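Contents: one structure, followed by commentary.
The values are calculated or read from the model by the stated rules, or taken from the named source; none is laboratory data. Small disclaimer: the values here were computed from a predicted structure and weren't measured. Neighbour counts run over all protein chains shown; Cβ positions are idealised from the backbone, glycine included.
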Amino acid sequence: MIVLKHKQSAPVKKCVTGFSLTTFFFGLLVPLVRGDLKWAAIIFALGLMERGFVPADVSSKNWCVANGLLGATA
């Protein structure tokens, strides 16, 4: 699990990591069809990494760097 926070505002999001074939093929539609707004928000938040969300702690940063979501200097 990684923790993301917004640079300028207070929101903190906890994101579970792992691979899902269903989500791979259908993306954000999966939690929306299931009525799971929490997971829809989490998937959407991962897409917001470029929009001001950064890792909240060292272990989250290391995971993001290791998986190519951030550069090593970020």
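Figures for the structure shown
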{"quantity": "Filtered residues of the range 16-69 (kept if closer than 21 Å to Lys5 by Cβ, acidic (Asp, Glu) and surrounded by 11 or more Cβ atoms within 10 Å (Cβ to Cβ))", "calculated": "Asp57"}
{"quantity": "1 or more residues at pLDDT below 80 and under 11 Å from the mean Cα position of the chain (by Cα): qualifying helices (runs of 4 or more DSSP H) within the chain", "calculated": "37-47"}
{"quantity": "Where a residue in the range 4-21 is under 16 Å from Leu69 (Cα atoms) and its partner, wherever it lies, is of a type in the set (D, E, K, R) and not in a loop (DSSP other than H, G, I, E, B), with Cβ under 7 Å and at least six apart", "calculated": "Leu4/Lys13"}
